[in-house]
Amino acid sequence: MSKSAVYQKKTKDVLIAVLSEYLEDQSDPAEDRYVWAYHVRIENQSSQKIQLLYRHWRIADGAGGAHDVVGDGVVGDQPVLVPGEAYTYSSGTPLTTPTGFMSGLFHMIRADGKRFDAEVPAFSLDGPVRLSRLH
């Protein structure tokens with residue numbers, strides 16, 4: 001298991017931090033299967049209560065392929081965060097290439113009814129490095 005750097009982005013007083021890690025024990029490079037976990041922390045730095053309504057992820061592999069994942073909440077939850085509160089969760093994604101990246105947004109609503117998108121910073125999915133040998 002190898003962890004990457006922490007990626008952070010603040011949008012409208014919501015700080016989102018993401019850490020990804022390559023899961024060697026769940027991956028099978030011989031079968032072009034590479035698996036990552038990603039750990040997300042959402043912190044409400046505003047003066048109002050907020051709720052995460054839905055997510056939109058863009059997942060891209062190292063060969064230029066990409067797909068979107070859209071759905072209600074995160075990991076079956078639509079968390080409500082009071083000012084100063086943070087919510088953390090973990091999930092995962094497989095790819096057919098040893099590298100890729102993810103980015104996205106969380107659609108939120110504030111206590112006053114205003115909706116906004118909190119951006120998830122783009123973060124890399126870095127798997128095992130294959131070194132070429134020159135003879």
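The single residue among Pro94, Pro121, Pro79 that is more than 15 Å from Val14 (Cβ to Cβ) and either of a type outside the set (Ser, Thr, Tyr) or at pLDDT 95 or above (or both) turns out to be Pro94.
Look at the range 113-127: where a residue is in contact (Cβ under 8 Å) with a residue 40 or more places away in the chain and within 15 Å of Gly92 (Cα to Cα), no partner that is of a type in the set (A, V, I, L, M, F, W, C) and part of a loop (DSSP other than H, G, I, E, B) sits 6+ places away or on another chain with Cβ atoms under 8 Å. Taking the range 38-81 as the range and being of a type in the set (Asp, Glu) and within 27 Å of Glu24 (Cα to Cα) as the test, the residues that pass are Asp61, Asp68.
Quick one: in the range 1-38, which of the residues that are within 12 Å of the chain's Cα centre (by Cα) and over 30 Å from Asp112 (Cβ atoms) is surrounded by the fewest Cβ atoms within 10 Å (Cβ to Cβ)?
Among those residues, the one meeting the criterion is Val6.
The values are calculated or read from the model by the stated rules, or taken from the named source; none is laboratory data. Values in this document were obtained by computation on a predicted structure and should not be read as measured data. For neighbour counting, all protein chains shown are included, and Cβ atoms are generated from backbone atoms with ideal geometry for every residue, glycine included.
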